[in-house]
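Single-structure report; data block below.
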Amino acid sequence: ATRRFPLFTRDTARPEGGGRAAPGDAPAPARQWPILAVLLTVGLGLLLTALDVFRVGLLVIGAALVAGAVLRWVVPDVGMLAVRSRFTDIVTYGGLGLVIVLLALMMQPDPLLRFPWLQDMLHFTVDS
């Protein structure tokens, strides 16, 4: 027997932690509370962005994704929040959330976070 992956896969393994987040006798929304919490928070961020509060809305969206990464790390059964392996989900949710938060903090006008080397790099590429 070889340890290599087969040429053609016949089945897909469920992601670890992909079970229900609450007992089976709980109502359907309560069984999937982690994904609902993340989605409702992202929805709130989108609503704030639509109401012309861009920076706050994007910070809420980024924080929701980082919270999803933390939930995926801490809670053993996260329901539909589990998409792939635990490591991949944490890196994906956390990485995208941090990038959104950083971009929201660097957003013009009046950025709250400034990188001087980024300004120099922009001038170097545009001025030459």
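Tell me, what is the per residue accessible area of the range 58-128 in Å², probe radius 1.4 Å?
Ligands and nucleic acids excluded, the result is 67 Å² per residue.
Listed highest first by mean packing, meaning other Cβ atoms within 10 Å per residue, what order do 46-57, 96-107 come in? Don't jump to the answer; show the numbers that get you there.
Working: 46-57: 13.6, 96-107: 16.1.
Descending packing order for the listed peptides: 96-107, 46-57.
Quick one: divide the alpha-carbon radius of gyration of the range 39-114 by 2.2 N^0.38 Å and tell me what you get. Show your work: numbers first, answer last.
On the way: Rg = 13.4 Å, N = 76, 2.2 N^0.38 = 11.4 Å.
Cα-based Rg divided by the globular estimate yields 1.18.
The values are calculated or read from the model by the stated rules, or taken from the named source; none is laboratory data. Predicted model only: the values in this text are computed from it and were never measured. Neighbour counts run over all protein chains shown; Cβ positions are idealised from the backbone, glycine included. The area values use the complete protein model at the heavy-atom level, side chains included, leaving out ligands, DNA and RNA. Shrake-Rupley method; radii C 1.70, N 1.55, O 1.52, S 1.80 Å.
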